[in-house]
1. Mind ordering 179-187, 5-13 by average Cβ neighbours within 10 Å, highest first?
2. In vacuum, with every alpha carbon of the range 1-95 counted as one equal point scatterer, what does the Debye formula give for log10 I(q)/I(0) at q = 0.12, 0.19 Å⁻¹? Two decimals, please.
3. Relative to the Cα centre, what is the charge dipole magnitude of the chain, using +1 at the beta carbon of each Lys and Arg, -1 at the beta carbon of each Asp and Glu, and rounding to the nearest 20 debye?
4. Can you tell which of ARG156, ARG200, ARG247 shows the greatest fluctuation in a Gaussian network model of the chain with Cα springs below 10 Å?
5. Using only alpha carbon pairs under 8 Å that are at least six residues apart, calculate the relative contact order of the chain and give it in whole percent.
6. In µm²/s, what is D for the range 197-288 at 10 °C and 1.306 mPa s, where D = kT/(6 pi eta Rh) by Stokes-Einstein and Rh is the Kirkwood radius from Cα pairs?
7. Compute the relative contact order of the range 1-95 as a whole-number percentage, counting only Cα pairs closer than 8 Å that sit 6 or more residues apart in sequence.
8. 222 nm [θ] for the chain, helices only, -39500 (n - 2.57) per DSSP H run of 4+, per residue, to 500?
Amino acid sequence: MSGFLGFVMRSRLSAIGIVALGAVMPLLFWLSGAVIALVTLRRGIAEGLLITGGAAAVLLPLYGLAVGSPMAILQPIALLWVPVLALAQILRQTVSLAATLQLAGVLAGLGVLAFYGLHGDPAEFWQGTLQALADVFSAGSPGPEWQLAAEQLAPRLTGLWIANMLGIVLLCLLLGRWWQAVLYNPGGFREEFHSLRLTRWFAGLVLALVVGSMVTPPGIVSDLASVMGAVFLLQTLAVMHAIAAMRGWHVGWLIGAYLILPLMLRPAALLGLADSFVDFRARAASRA
């Protein structure tokens, strides 16, 4: 790991090459964002912009040949690189993981509002998108089951899509932060992540949205609750890791928790939300 990270940080050309390589490899797309985060965290936003711009210049002709439109490079730039670059710079300046994650949640919430402002009724947009996919995969004759599933899924897709993009961006940011600690501050990321705890005002805002989503039909309130509440999944993971380290639990406990986490995303997020008010780590420490 240290050898690879040392290669990335050795020169601009090496960082640009890794970012470009990650962008064209479907299973390594996260690599490009994590390298941008690492470079920005260590050397600042100017260097991060140089790496991002250099990788985009390398990929322009490749996208032109492979996709037929060099401007297709704008998609990873807008959805992944720019958000990671901005959050990495914010984390570099504030040195507060909690403040950075809260800002990420707020910006994602603004993204939901912008999506509604752009499309009016996003459900119609998603139904059209799902219909286009159905036409491709079913030769233009999707069954009634597909129509019913599309009608039920479309009102929720805005929140799910933006929450998914937020998760990818934060994964890249945290990976870059961990790599920074590996190179320059061994053990620092563990301490920082274990102490992650979002503020009560942010938790109260998200709690109000969650309650509102329970009494309103699927729409803007539920999408905001899903997107902004997703940040608390990271707080839940922080609680898990901190208590496991505090009690000296076997790593198998954490592996099992990660395996069942995809089946319990909403309860897990609510657990992290509750921690902002209850502070499970402090209680566990006092009992220990």
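Only the coordinates and a few stated rules stand behind these numbers; no lab work does. What you see is a predicted model; the values in this text were computed from it and never measured. Positions of Cβ are backbone-derived with ideal geometry, glycine not excepted, and every protein chain shown enters the neighbour counts.
1. Packing order, densest peptide first, comes out as 179-187, 5-13.
2. Taken in order of the listed q values, log10 I(q)/I(0) reads -0.34, -0.83.
3. 1180
4. ARG247
5. 18
6. Taking Rh from Cα pairs, D becomes 114 µm²/s.
7. Relative contact order of the range 1-95: 27 percent.
8. Only helices count here, giving -26000 deg cm²/dmol.
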